[in-house]
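The values are calculated or read from the model by the stated rules, or taken from the named source; none is laboratory data. All values reported here derive from a predicted model rather than from experimental measurement. Backbone-built Cβ (ideal geometry, glycine too); neighbour counts: all protein chains shown.
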Amino acid sequence: MIGGLINDQNRKWIILAVGSLAFGLIMLDETVVAVSLPTMQVDLSMSVLESHWVINAYLLVIAGFIAVGGKLGDIVGYKNLFYNGSFSIRIIFTGCRFFSEFNMDTCY
């Protein structure tokens, strides 16, 4: 079924859809950080200028991970990287769940 959908005519639209979805997820993450910023600002006693650095640092880290992930995908293969990343995330979340000194908010 999928083999028939991916051809030279549809490939550019599939790439556009996947890229748009990835961009939408990054914007969603940015929105979550922006919504939680006032609470972080009060809890951590940050000034407005310091709170802007939270967003800048977050976006820089995300951009770094995207660049490293792209290069790792080229080296080890995207499917292999996806499976290993999914497995690692599951192990990390399971470990966070079993340690009593962490609550689940720490893992997300």
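Annotation: of all residues in the stretch 57-100 being assigned to a helix (DSSP H, G or I) and among the hydroxyl-bearing types (S, T, Y), the one that is surrounded by the most Cβ atoms within 10 Å (Cβ to Cβ) is Y58.
Put simply, of V54, V35, V48 the only residue that is exposed (fewer than 10 other Cβ atoms within 10 Å of the Cβ), over 23 Å from L81 (Cβ atoms) and within 18 Å of the chain's Cα centre (by Cα) is V35. For D8, the stated conditions do not hold, so it cannot be described as farther than 20 Å from G69 by Cα and at pLDDT 85 or above.
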